[in-house]
Amino acid sequence: MLICTMNTRLPHHLKLAIIVAMAVPLTAQQKPKPEDTEIWQPEPKIVTPGATDSAPPSDAIILFDGKNLDEWVSAQDHSPAKWVVHDGILTVSKDPGSGNIETKRAFKNYQLHVEWRIPENITGSGQARGNSGVFLASTGPGDSGYELQVLDSYNNKTYVNGMVGSLYKQSIPLANPMRKPGEWNVYDVVWTAPTFNDDGTVKTPAYATAFLNGVLVDNHFELKGQTLYIGQPFYKKYDAAPIKLQAHGDKSEPISFRNIWVRELP
Ligand code: MG
């Protein structure tokens, strides 16, 4: 095009020289450099990791370290939590009136670490065998919240969207890496809380990513709403919510927890 518009009386070699002279500075200016895509600010904060990958890093809020239930209350009435602390672990109370417990603090987005154990002498079957749960958001006494299931799924069949690793009645876990009763299991969870418009409609849904014993079981799973035992899940507006542990009330031996910590995320 350029050549066509040039004075046709110019010798060909001069036309080429003009084209090269015009093109070289342009090329030099536009040539991508590695630096174009480097980002230097803001720098991530320094977090000192724990001695092991299960130990809380420096910015974690310790929810249970084996000593006491200072960070927890009864979910029913916010009275002192009545579960049993012994030998550095926390066990669901056999007293049927003790109920679920939840954190005193409320959270939005976070990373959670929690270890739990089905007792070696567990009895029962299906949903009545080692049932507990980690409610990733406990949104109030009248609401069900959002449950990541805890269950003995080691040689224990149940509906797959209610087995260990399921976001109860919503997700089917990607694998079953359950350890046998008597051994400790580890959940590492990333919770992205739902956000809501002023009129209560959903702005962005909730997402959960969960690893069980280091194996991915839920991959940025989009929830359809709160956990429901019967019926279709739906959202109900909330801002920040405690994390709740479930006392399912089974007759079999109770479940234990240990080493619970959380890191708040933006
Ligand atoms: Mg449960």
Gly225 being out of contact with any strand residue (DSSP E or B) (no Cβ under 9 Å at 6 or more places or on another chain), assigned by TED's automatic domain parsing to the domain that holds Tyr154, farther than 26 Å from Ile61 by Cβ and open to solvent by less than 80 Å² (accessible area, probe 1.4 Å): no
Residues located in segment 78-108, provided they are exposed (fewer than 13 other Cβ atoms within 10 Å of the Cβ) and in contact with a Gly (Cβ under 9 Å, 6 or more places away or on another chain): Asp87, Gly88, Pro96
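Identify all residues within segment 81-91 that are at pLDDT 95 or above and either of a type in the set (A, V, I, L, M) or under 23 Å from Ala241 (Cα atoms) (or both); write none if there are none. Walk me through how you get there before you give the answer.
In the first step, residues of segment 81-91 are kept if they are at pLDDT 95 or above; the result is 81, 83-91.
Hits for segment 81-91 are Ala81, Trp83, Val84, Val85, Ile89, Leu90, Thr91.
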Meets criteria (within 13 Å of the ligand (Cβ to nearest atom), small (Gly, Ala, Ser), in the same structural domain as Phe221 (by TED's automatic domain parsing) and on the phi > 0 side of the Ramachandran plot) for Gly140: no
Residue match in segment 196-205 (condition: assigned by TED's automatic domain parsing to the domain that holds Leu245, open to solvent by less than 30 Å² (accessible area, probe 1.4 Å) and closer than 26 Å to Trp72 by Cβ): no
Residue satisfying condition, being modelled with pLDDT of 95 or more, within 16 Å of the ligand (Cβ to nearest atom) and not acidic (Asp, Glu), within set Ser256, Ser252: Ser256
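Hey, any hits in segment 143-151 for a residue that's modelled with pLDDT under 95, within 16 Å of the ligand (Cβ to nearest atom) and of a type in the set (Ser, Thr, Tyr)?
The initial filter retains those residues of segment 143-151 that are modelled with pLDDT under 95, namely 143-145.
Next, only the ones that are within 16 Å of the ligand (Cβ to nearest atom) stay: 143-145.
After this cut, where a residue has to be of a type in the set (Ser, Thr, Tyr) as well, the list is 144.
Yes, segment 143-151 contains a residue that is modelled with pLDDT under 95, within 16 Å of the ligand (Cβ to nearest atom) and of a type in the set (Ser, Thr, Tyr).
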Scope segment 200-231; condition in a loop (DSSP other than H, G, I, E, B) and either under 20 Å from Ser138 (Cβ atoms) or at pLDDT below 95 (or both); matching residues: Gly200, Pro205, Ala206, Leu223, Lys224, Gly225, Gln226, Thr227, Leu228, Tyr229, Ile230, Gly231
Those residues of segment 239-249 which are within 15 Å of the ligand (Cβ to nearest atom) and not in a loop (DSSP other than H, G, I, E, B), in sequence order: Lys244, Leu245
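The values are calculated or read from the model by the stated rules, or taken from the named source; none is laboratory data. Worth saying up front: this structure is predicted, and the values here are computed from it rather than measured. Positions of Cβ are generated from backbone atoms using ideal geometry, with glycine treated the same way; all protein chains shown enter the neighbour counts. Just the protein is used for accessible areas: all its heavy atoms, side chains included, with ligands, DNA and RNA removed. Shrake-Rupley method; radii C 1.70, N 1.55, O 1.52, S 1.80 Å.
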